[in-house]
Number of protein chains: 2
Amino acid sequence: MTINYPNGSKINQYTNPKTKKETPAKRKAETTQFDNRGMNFEEDINQSNLYYLNHDLAVICKKPTPIQIVKVDYPRRSAAVIREAYFRQASTTDYNGVYDGYYLDFEAKETKNKTSFPLKNFHPHQIQHMEKCARQNGICFVLLWFSTIQRCFLLEFSILNQYWRAQSSSGKKSIPLKSIEEKAYEVELGVAPRVPYIDYVKKIIKNRKEKTS
Amino acid sequence: MTINYPNGSKINQYTNPKTKKETPAKRKAETTQFDNRGMNFEEDINQSNLYYLNHDLAVICKKPTPIQIVKVDYPRRSAAVIREAYFRQASTTDYNGVYDGYYLDFEAKETKNKTSFPLKNFHPHQIQHMEKCARQNGICFVLLWFSTIQRCFLLEFSILNQYWRAQSSSGKKSIPLKSIEEKAYEVELGVAPRVPYIDYVKKIIKNRKEKTS
């Protein structure tokens, strides 16, 4: 959903493509005038999770970045200080949690592309993790954000995996927007929560129930 | 389960109470003779999770410790080095994941006490998080390890919460072992997996189904 100002101009909720050549400072000034909206996609998902948590609608957390700690100082009378550490590759997806007893597991990714979503955005370990969770009947998906055309989709992992696996034979390194339009749920962005993905999770659950009944 | 050696002596799987006054080096030597078993309770749970993952029985992950990063160096031609960071209080439990579509969420704790489990082992934010997850019908519990008497229990969160909430009125700062014996599942420790807690999760699910049918 794009929100129109009274003068008819659209508010860019994430990255405004028109401002991409401007300095970060200018961009910051531009986004803050929209009442602190439009920070970035990940931040909006985190805000949505907070909304879901505070309204007892779901408990979804972003996992902390795994870090390899090498050296820690323990100064007297103050907290331990990590003096040498390295970022480690995460072995799972970024988000998981529970909605109505169901296990949810997902990753959020964005692209500036206008016509397709590049598969290089996904790491093999993320695919493997979702594959494992899907085998345990978890609800696995990706939230895709096309920042230039400002459209958001929820794509179930089973469909993403088809494209992922076909890469070597088909040579296709991205999923066409046309296919995403057909096979994914388009997420209508809102205000509270900003990315109401649980609405579409409900549809997935409904479809599952219909299949098994 | 305690495993007996041919001479009838018991293998201590975690901390051997008899060695507690010895140096860490001695203790290490003692534990490594048991074929690297007996490292600690958390390690054994992690090993069990790996077993479940590799056998496609469940996907349960330990969340990384959240860290507040203050300063990062980017030396040329090498990985980013974190030069100043601090440990942050986790806002959730340590473990979560999926078993057969069900969301699991738990915390593992140990005590040297022989007759009761002190409630101070739990932090308010862990209780709050499990409360939230339980309201979403997640399967929430704690794995309790009595290291001195070498017994492991799976206690459902709903029961833990009763004792937690009663603290202020009853003044009781711990759960008596007798109550735990009555109300929790005693986990028979094994070899692969070492802490087969999913066996008891299956019982919880069975009980749930019977209640709702």
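Sequentially through region A:160-176, phi angles give Karplus couplings (6.51, -1.76, 1.60; θ = phi - 60°) of 3, 5, 4, 5, 4, 6, 7, 3, 5, 7, 7, x, 7, 9, 8, 9, x Hz, Gly and Pro residues having no value and appearing as x.
Can you pull the semi-axes for region B:164-213, root of five times each eigenvalue of the Cα gyration tensor, sorted largest first, whole Å?
Equivalent ellipsoid of region B:164-213: 27, 19, 8 Å, largest first.
With the gyration tensor restricted to C-alpha atoms of region B:39-192, the semi-axes of the equivalent ellipsoid amount to 31, 20, 16 Å, longest first. For the peptide A:96-108, the mean number of other protein chain Cβ atoms found within 10 angstrom of a residue's Cβ is 6.
Here B:PRO124 yields copy-to-copy label distances, from shortest upward, of 4.7 nm, the label point defined as 7 Å from Cα along Cα to C-beta. The 3J(HN,Hα) values that the Karplus relation (6.51, -1.76, 1.60; θ = phi - 60°) gives for region A:77-83 are, in residue order, 6, 9, 6, 4, 10, 7, 9 Hz. Gly and Pro appear as x.
For B:ARG83, the residues 5 or more places off, or on other chains, whose built amide H falls under 5 Å of its own are B:LYS71, B:VAL72, B:ASP73.
Every Cα-Cα pair in region A:39-128 was counted, and those over 18 Å apart are 62% of them.
Per-residue mean of foreign Cβ neighbours for B:80-92 is 5 (Cβ atoms of other chains, 10 Å radius). Working from label points 7 Å from Cα in the Cα-to-Cβ sense, the B:VAL191 to A:TYR74 distance is 3.8 nm. Counting, for every residue in A:59-68, the Cβ atoms of other protein chains within 10 Å of its Cβ and taking the mean gives 5. With bins 5 Å wide beginning at 0, the percent of Cα pairs of region A:130-213 falling in each bin runs 3, 12, 21, 24, 20, 13, 6, 1, 0. Distances from A:VAL81 to itself in the other copies, using label points 7 Å out along the Cα-Cβ axis, amount to 1.6 nm in increasing order. Once the chain from B:ASP56 to B:SER168 is taken as fully extended at 0.36 nm per residue, the excess over their C-alpha distance is 36.0 nm.
A Förster radius of 25 Å, combined with the Cβ-Cβ distance separating A:ASN161 from B:ARG208, puts the computed FRET efficiency at roughly 0.25.
We did not get these values from a lab; they are worked out from the coordinates using the rules stated. Note that the structure is a prediction, hence the values are computed from the model and not measured. Backbone-built Cβ (ideal geometry, glycine too); neighbour counts: all protein chains shown.
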